[in-house]
């Protein structure tokens, strides 16, 4: 395997490389975008991707009401206290009824938020940005199930977007100020007199250093630094009275540190750039174990070099990604087509690559959940494991069937299918392909959907299918071809 | 069989049980949960009549079932005081324990009959410390079986993980529903999950017959595969999926000999019975029914829910008996929490804490297990739990599944005595 991070030859940037870049730095793209990127050339292609990831704002925002879940007003608090004191079950019940209504409305809004993000990922002109938001969502994982406030999850999602390709240090600081995270990891209950260690622990174990790079005492001290980092309404508030201003010693550094200082100490640890470099590498380059010790030597060397670069650039993400996306290593044949697509990569990528109608973003979002990637509800604070954990006998069928849904409009939950529901013409993807013979047409689709590395033997059943169609290459036969290609094991890879 | 007979038979079975176990022989109705909770020694593999290919079925009652109107402490004055609008009258309910005054909701007649036949046990006051009243969060606690861990794994999944080195786990756990429940997610072993059997297959087959042939060609291989290659790993999974899909769909297409009621839970249990009959190598089936979040006008609604539950379980065991598989199957049913002792102003009930669990099968301890929580010694209007739900899991894991409960639950829990020892 090539482990060099030097850029490939400018001339070597062809359709294979452009396709790979579009898949990994985004969700995938069709033949049109691939050839545009080839024409632009490697440098411009990568530089534009990174630049876009930093600047563009999403055009449409979801309808999320900041006040659906809100704290009690003074009056309500008093009424509640009185009901409780006087054991007035009717009044308490009324309050609970109102809270339940709030929760129901909040869950409805969560559906809206999920559909919005799915739609945004499909339509965005800056897919790298969304791909980074997805990374940070899994890295700094918070769950709506515990936070129980859709607006806070939305705020967090926008915060990830703001810092997407920015600076990891700034992002980490933003996270200790993020209301959803403060609630999720109970830091809103971290008081001087009664410290709660949850956020301090996960910040070291999962967000910056990795297990084994800190002690239990560092957690205790870090928790003290984070005391008073609370939430009021939908905003961060520093609760000075609840903050422990005493001296703390974290990882050998001593001072009257607060939460931000604590994060600075962590960012200064040599383990931190390594840990983050591995995360970036696993997201963009290869499926690997999440402990550096277990990573094969060749990949580990690359990660170590990326870690140095991350450190040297003061945790700026952009330059590191730029280096990766241009490197010989990134385009090596042992990297291209060897990564298992996340459900989001699969679904969003299929819609973008084939230019299918979006169908229902609700059905797509339900599909993601069924495949194990419920947006805004990762399985735990450790985020999604990725790699092979995505694939089992059930999720594989769901993956294939959601692709079929995008291509044909056939809802996987319904037996019935109306041909009129297709509303999609893959003939458009044949622009620039002159031949209508089976082999070149199949090769064209295999080329951008599976990659040129697909062996002849694997194409044979597709040729055969196409050859046996009475009317040759038509909209209908192409629909068939696309459903077949998306149902191939190779289509699960990128 | 009259209720009185059912009661007597249950009593007989319970006292017989007391003699063979090392549990104290105080009268059942006076026995404290602590004595029922005595550590059991496990069913020996050589026990006659206890098959080795054992199946566990988990029924999840989502929404928070009102335990107090399910297993009814009619003998406690506070029951009627707190629930004047929704209480079940003594003459309507089914007597279970006349001494203490515990009865079953009238909709549960099929279950009282199962008690009489030695096929149903009811664990009273099941819960956990520091109860959570949010549906999702409390359900997560029940699913993970561990309030501290937050690793995205469930108790059934972890149990299946422990088998991974010893047997093929491709079909070890089957869950019915659109998404795999957290309970069934292992680190390695994931459940087969489907809502309808026709969804557990490639939907492209419905589009055109020519597609099926090509699909099959693309998803099989006779070559020896190097599974360090991800494409080979996925192809292997695809081939497993084809086999599993065919076996499962063939199994559920069999017509049952029993008439199942027409409701969601019954449809699921009918499929489970078929899969058990087809002898799939499945150890755990997970099914769910919802609707138990009865905040308003709950009386008719709750009666209907319990009716659906009882009729479905009863049909399920009739089918198992008729097909000769009854002795292989233990079933447990739980809800994420019970409801508050006092009804609310809308003739409903709000989220509470402890509630009953049900256990079914030939090998369960029939009748009431443990004691009913007090309606006076409350925790801010809520019941105090008597038996930790993990004690029930531990019994089932160690004594039925033969899977080490300490490793699965991360801690040794006392057995809840839900199985005959």
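The values are calculated or read from the model by the stated rules, or taken from the named source; none is laboratory data. Note that the structure is a prediction, hence the values are computed from the model and not measured. FYI the Cβ positions are ideal-geometry reconstructions off the backbone, even for glycines, and counts take in every protein chain you see.
Any idea which residue in segment A:477-490 is farthest from residue B:241 (Cα to Cα), counting only those that are in contact (Cβ under 8 Å) with a residue 60 or more places away in the chain and at the interface with another protein chain (Cβ under 9 Å from one of its Cβ atoms)?
Per the criteria, the residue is A:479.
Quick check on my filter: what residues within segment A:2-18 are over 26 Å from the mean Cα position of the chain (by Cα) and either under 13 Å from residue A:333 (Cβ atoms) or crowded, with 19+ Cβ neighbours inside 10 Å (or both)?
Those that are over 26 Å from the mean Cα position of the chain (by Cα) and either under 13 Å from residue A:333 (Cβ atoms) or crowded, with 19+ Cβ neighbours inside 10 Å (or both): A:2, A:7, A:8, A:12, A:13.
Among the listed residues B:348, B:361, which satisfies the condition of being buried (at least 21 other Cβ atoms within 10 Å of the Cβ) and either modelled with pLDDT of 95 or more or closer than 26 Å to residue B:162 by Cα (or both)?
So the residue among B:348, B:361 that is buried (at least 21 other Cβ atoms within 10 Å of the Cβ) and either modelled with pLDDT of 95 or more or closer than 26 Å to residue B:162 by Cα (or both) is B:361.
Output the helices (runs of 4 or more DSSP H) that fall wholly within segment A:402-487 and possess 3 or more residues being more than 30 Å from residue A:365 (Cβ to Cβ), or say none.
Here the list reads A:438-449, A:456-467.
For segment B:143-166, which positions are buried (at least 22 other Cβ atoms within 10 Å of the Cβ) and either in contact (Cβ under 8 Å) with a residue 60 or more places away in the chain or farther than 19 Å from residue B:407 by Cβ (or both)?
Within segment B:143-166, B:145, B:155, B:156, B:158, B:159, B:160 qualify.
Filter segment A:239-261 for residues that are surrounded by 14 or more Cβ atoms within 10 Å (Cβ to Cβ) and either within 24 Å of residue A:73 (Cβ to Cβ) or touching a strand residue (DSSP E or B) at 6+ places or on another chain (Cβ under 6 Å) (or both) and give the result.
A:239, A:242, A:257, A:259
Which ones in segment A:53-104 are under 30 Å from residue A:26 (Cβ atoms), buried (at least 16 other Cβ atoms within 10 Å of the Cβ) and at pLDDT 85 or above?
Correct list: A:62, A:64.
Kindly indicate which of B:257, B:272, B:287 is farther than 30 Å from residue A:89 by Cβ and either modelled with pLDDT under 95 or assigned to a loop (DSSP other than H, G, I, E, B) (or both).
B:257
Could you please find all residues in segment B:65-84 being under 16 Å from residue B:104 (Cα atoms), part of a helix (DSSP H, G or I) and over 23 Å from the mean Cα position of the chain (by Cα)?
Correct list: B:79, B:80.
How about segment B:85-106: which of its residues are crowded, with 22+ Cβ neighbours inside 10 Å and either within 20 Å of the chain's Cα centre (by Cα) or farther than 28 Å from residue B:362 by Cα (or both)?
B:88, B:104, B:105, listed by residue number.
Is it true that some residue in segment A:182-193 is free of Cβ contacts under 8 Å to residues at least 40 places away in the same chain, within 14 Å of chain B (Cβ to nearest Cβ) and surrounded by fewer than 18 Cβ atoms within 10 Å (Cβ to Cβ)?
For segment A:182-193, residues free of Cβ contacts under 8 Å to residues at least 40 places away in the same chain, within 14 Å of chain B (Cβ to nearest Cβ) and surrounded by fewer than 18 Cβ atoms within 10 Å (Cβ to Cβ): present.
Test residue B:386 against the stated conditions and say whether it is more than 21 Å from the chain's Cα centre (by Cα) and more than 14 Å from chain A (Cβ to nearest Cβ).
No.
Taking the condition of being away from every other protein chain (no Cβ under 14 Å) and more than 14 Å from the chain's Cα centre (by Cα), how many residues in segment A:342-363 meet it?
Count: 10.
Being more than 8 Å from chain B (Cβ to nearest Cβ) and modelled with pLDDT of 95 or more is the filter here; which residues of segment A:406-421 pass it?
A:406, A:407, A:409
Tell me yes or no: at least one residue of segment A:183-192 is touching a helix residue (DSSP H, G or I) at 6+ places or on another chain (Cβ under 6 Å) and more than 29 Å from residue A:107 (Cα to Cα).
yes
Going residue by residue through segment B:108-120, is there one that turns out to be surrounded by 19 or more Cβ atoms within 10 Å (Cβ to Cβ), under 16 Å from the mean Cα position of the chain (by Cα) and in a strand (DSSP E or B)?
yes
Please find, within segment A:388-405, the residue that is surrounded by the fewest Cβ atoms within 10 Å (Cβ to Cβ) out of those that are within 7 Å of chain B (Cβ to nearest Cβ) and touching a residue at least 40 places away in the same chain (Cβ under 8 Å).
A:388
Which helices (runs of 4 or more DSSP H) does segment A:77-188 wholly contain that include 2 or more residues that are within 30 Å of residue A:307 (Cα to Cα)?
Correct list: A:127-139, A:150-163, A:168-176, A:179-184.
Taking segment A:286-309 as the region of interest, how many residues are part of a loop (DSSP other than H, G, I, E, B), within 23 Å of residue A:167 (Cα to Cα) and modelled with pLDDT of 95 or more?
Residues flagged as part of a loop (DSSP other than H, G, I, E, B), within 23 Å of residue A:167 (Cα to Cα) and modelled with pLDDT of 95 or more within segment A:286-309 amount to 1.
Here is a yes/no grid of residues against (1) farther than 17 Å from residue A:34 by Cβ; (2) more than 11 Å from every other protein chain (Cβ to nearest Cβ); (3) surrounded by fewer than 18 Cβ atoms within 10 Å (Cβ to Cβ); (4) without any contact (Cβ under 8 Å) to a residue 40 or more places away in the chain:
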residue: A:432; (1), (2), (3), (4): no, yes, yes, no
residue: A:435; (1), (2), (3), (4): yes, yes, yes, yes
residue: A:438; (1), (2), (3), (4): yes, yes, no, yes
residue: A:444; (1), (2), (3), (4): no, yes, yes, no
residue: A:452; (1), (2), (3), (4): no, yes, yes, no
residue: A:455; (1), (2), (3), (4): yes, no, yes, yes
residue: A:460; (1), (2), (3), (4): yes, no, yes, yes
residue: A:468; (1), (2), (3), (4): yes, no, yes, yes
residue: A:475; (1), (2), (3), (4): yes, yes, yes, no
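How many of the residues making up segment B:233-268 are within 8 Å of chain A (Cβ to nearest Cβ) and either exposed (fewer than 14 other Cβ atoms within 10 Å of the Cβ) or more than 25 Å from the chain's Cα centre (by Cα) (or both)?
Number satisfying all stated conditions: 7.
Take the residues of segment A:212-231 that are without any contact (Cβ under 8 Å) to a residue 24 or more places away in the chain and outside any helix (DSSP H, G or I): which is farthest from residue A:183 (Cα to Cα)?
A:212
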